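> Mind looking over this structure? Questions follow.
FYI, it's all coordinate maths here, none of it is from the lab. As the structure is a prediction and not an experimental result, all values here were calculated from the model.
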């Protein structure tokens, strides 16, 4: 069994890496980029049920104060 977990910053939280990438794109002379967001994707393989993967997400992968996550079974 495989799970895919995406972790993103919540709206309103500063994404310093995203801001740096957006600035770098402009520095390369490329225009038209209005926003850049960074996140992480985890692929977890093993015998994990919904309750266990939820515990991994909320207790390890995402800081619930500034991040949210989406999970799906692959």
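> Which of 47, 22, 37 ends up with the largest GNM mean-square fluctuation for the chain, with Cα atoms connected below 10 Å?
Looking only at 47, 22, 37, the largest GNM fluctuation is found for 47.
> Separate question: How tilted is helix 16-27 with respect to the longest principal axis of the chain? Cα atoms for both, answer in degrees (0 to 90, nearest 10).
Around 30 degrees separate the two axes.
> Would you look at the GNM of the chain, springs on alpha carbons closer than 10 Å, and say which of 41, 17, 33 moves the most?
33
> While we're here: Calculate I(q)/I(0) for the chain by the Debye formula, one identical point scatterer on each C-alpha and no solvent, and give its log10 at q = 0.11, 0.15, 0.17, 0.24 Å⁻¹ to two decimals.
Calculated log10 I(q)/I(0) at the listed q: -0.38, -0.60, -0.70, -1.01.
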